[in-house]
């Protein structure tokens, strides 16, 4: 399959993780990253962020910024990449119209109309990394990504919490029938946004889950989302009340089959015991569950796991790879 060309707009935490995640898998990905633009960071600041970030580590790559503002990257295998770095508004960037896909990762262009000007030249699709209530389709990989059509010009990606919950809830409902559910999220913040107080915030999952899952509504679904002054991997707890109680052994048997070779393969992981959040830094999974902390009490199923909110690019890359197959 011929690789398609993409360009990233927005090099915040999501864009930084996206570049690293793609570099680590560039041979198996269906796309290349040829352009990076940020309307706030200069080319030098983009390079400095890649070189010095404490969370996203590029030290196995040799990376240089050339005099013509290109990132020249050499992988340990000797494979080479050259990425043009620009610093301007998205609609006036000099590579506009050159990539096949426009990877909108700034978090600023969540309104469908704002992205129409990006669909020129070779660009067939804008994939928005933030949740949008305006773009017609929100695609969650492992849940409804196959609804993507070649006619779609702009699609919205879910979010870290949507990825963590929605495919799992769909599987549990189809297997055990959910009556109601709640989610507790203890969410980290980026280091430069550290604050000294706990903050209860709105979570995109509160609205997205109800929009995407017909068995949920405002009366049987609750999300408690708290941002804490902490930069590590986040914690997420699920409770599902089932129509009929099942044994823990039966649930674990079916769930392990689903994440090993079934419909949840590649989306979720599970560790036998809890050895702390740090080992899940930059995880490839949407949630890493702790087996010893999965409980069934009456008709209620409780599941506790870790998820790297910064690295939800894992499902975004999956979505971009799938979109390539639709456009070949």
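The values are calculated or read from the model by the stated rules, or taken from the named source; none is laboratory data. Remember, predicted model here, so these are calculated numbers, not experimental data. Cβ sites come from the backbone with ideal geometry, for glycine too, and all protein chains shown count toward neighbours.
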**Study point:** Among residues of segment 19-62, those that are part of a loop (DSSP other than H, G, I, E, B) and in contact with a strand residue (DSSP E or B) (Cβ under 6 Å, 6 or more places away or on another chain), counted
**Key:** 1
Exercise for review: Name the single residue, out of those in segment 139-161 being modelled with pLDDT under 95 and closer than 30 Å to residue 304 by Cα, that is surrounded by the fewest Cβ atoms within 10 Å (Cβ to Cβ).
Suggested key: 159
Point to revise | Whichever residue in segment 109-127 is modelled with pLDDT of 90 or more and in contact with a strand residue (DSSP E or B) (Cβ under 6 Å, 6 or more places away or on another chain) and, among such residues, is farthest from residue 321 (Cα to Cα) | key: 118
Practice item. Just one of (1) farther than 12 Å from residue 8 by Cβ; (2) touching a residue at least 24 places away in the same chain (Cβ under 8 Å) trips up residue 28, so point out which. Key: (2)
**Study point:** Search result, residues across segment 258-305 that are closer than 21 Å to residue 241 by Cα and in contact (Cβ under 8 Å) with a residue 60 or more places away in the chain
**Key:** 258, 264, 268, 287, 299, 300, 301, 302, 303, 304, 305
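Residue by residue, here is whether (1) out of contact with any helix residue (DSSP H, G or I) (no Cβ under 6 Å at 6 or more places or on another chain); (2) surrounded by 14 or more Cβ atoms within 10 Å (Cβ to Cβ) holds:
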{"residue": "69", "(1), (2)": "no, yes"}
{"residue": "72", "(1), (2)": "yes, no"}
{"residue": "75", "(1), (2)": "yes, yes"}
{"residue": "82", "(1), (2)": "yes, no"}
{"residue": "85", "(1), (2)": "no, yes"}
{"residue": "93", "(1), (2)": "yes, yes"}
{"residue": "96", "(1), (2)": "yes, yes"}
{"residue": "101", "(1), (2)": "yes, yes"}
